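First the structure, in the form of structure tokens, and then the observations on it.
Derivation of every value follows stated rules applied to the coordinates shown; laboratory data play no part. Quick caveat, the model's predicted, so the values are computed rather than measured. Cβ coordinates were reconstructed from backbone atoms using ideal geometry, including for glycine residues, and neighbour counts include every protein chain displayed.
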Amino acid sequence: MTRRYQRIQIMEKDYSLTELCTAFDVSRSGYYDWRVRKPSARQQANTQLLEAIQTLRQSEEASYGSPRMTEELQSCGYACSENRIARLMHHHGLRAQARPRFVPCTTNSDHNLPVAPNRLAERAAPNGPNQIWLQDITYVPTTQGWLYLALVMDLWSRKIVGWAMADHLRSELVVSALQMAHTQRHPGKGLLVHSDRGVQYASRATREFLERHGCEASMSRKGNPYDNAWMESAIGKIKGEVLGSTVPANHAAARQQLFVGIESWYNQRRRHSSLGYQSPVAFETQFMKN
């Protein structure tokens, strides 16, 4: 009945109250009683939840659907279920925001350089840090032209452990990201580093870096992005949730936005369903405590 009264209230400016009460099969007295009645405790709670959702959607959480939004609200002290948040978001037309996809080619696998087998397919899932790292390169459009972003992710925690940006696709872009990851994480020997078959990953500079640090190379099968699906997913989230639909004015602006997005948002705050809706940093911190 409450929904009928709400619809009548919305439509009152366009139709007479008599017509609306007849159409929705309610009495005028019942509608007037509802108008002067104080909101119920649940209605007041829903109003508070909606205000909190709209506040979160002004930040990076704009990309969240109901599952992650529920986790975020619960972490802020709100008592709510996923079904309740889903209903509220649906009723008010609030959906997870997605970035339109356009993918220029960043992978050139048409070369005669040595290619590593797909060793990742033979490995068990990691149960701790620095067992398997994933790599990939993506593009970032700016009004100044393309900026290329190389990423290294720890598969276990989904944390971005190394990254580098440049206006070119030469192998030093990849090596810079690996160097950052190695400096921050200090992995032991035997670390598996997986990538696609791009010329940057098969290059002499990259192979020598991996050999020098006791890492084992692994590469996806030719033309099969599913072999590195976790990295593809991370790239989609970083670009969609950090950059959104905006195009940075220049390379400097893109670098700043990506730096904050990766270090402050993706690693520190972004909730992952595969991690029990924890962020990568929170997941690693909990592991270290145990």
- Task: Work out the FRET efficiency for W146 and H186 from their Cβ-Cβ distance, taking R0 = 35 Å, and round it to the nearest 0.05.
- Result: 0.60
- Message: Along the Cα→Cβ direction, 7 angstrom out, place labels at H213 and R37. What is the inter-label distance in nm?
- Response: 6.5 nm
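Largest first and in whole Å, what are the equivalent-ellipsoid semi-axes of region 187-230 based on the Cα gyration tensor, each being the root of 5 times an eigenvalue? Kindly include the intermediate steps, with their values, before the conclusion.
Details: eigenvalues 78, 35, 7 Å².
Those come to 20, 13, 6 Å.
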- Item | Using alpha-carbon coordinates, inclination of helix 82-91 to the longest axis of the chain, degrees | 70 degrees
- Using only the alpha carbons of region 126-202, determine the length spanned along each of the three principal axes and report them from longest to shortest in whole angstroms. 42, 23, 20
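Explain nothing, just the number: dipole magnitude of the chain about its Cα centre with +1 on each Lys and Arg Cβ and -1 on each Asp and Glu Cβ, in debye rounded to the nearest 20.
Values: 36 positive and 26 negative charges, 118 e Å.
With only Lys, Arg, Asp and Glu charged at Cβ, the dipole is about 560 debye.
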- Message: Tell me which of L169, S220, A205 sits at the most positive position along the dipole axis of region 150-290, charges placed on C-beta atoms (Lys, Arg +1; Asp, Glu -1).
- Response: S220
- Along the dipole axis of the chain (charges at Cβ: +1 for Lys and Arg, -1 for Asp and Glu; origin at the Cα centre), the most positive-end residue among S245, G276, W265 is G276
- Task: Return the lysines within reach of K289: Cα separation strictly under 22 angstrom, same-chain partners fewer than 8 residues apart disregarded; answer none if there are no such residues.
- Result: K159
- Of the peptides 233-241, 131-139, 76-84, how do they stack up when ordered by the mean number of other Cβ atoms within 10 Å, highest first? 131-139, 233-241, 76-84
- Note on the structure: In degrees, nearest 10, the alpha-carbon axis of helix 251-260 is tilted away from the dominant principal axis of the alpha carbons of the chain by 70 degrees
- Rank I8, A150, Q74 by how far each Cα sits towards the positive end of the charge dipole of the chain (+1 on Lys, Arg Cβ; -1 on Asp, Glu Cβ) and give me just the farthest. I8
- Folded to 0 to 90 degrees: helix 171-185 orientation relative to the chain principal axis, Cα: 80 degrees
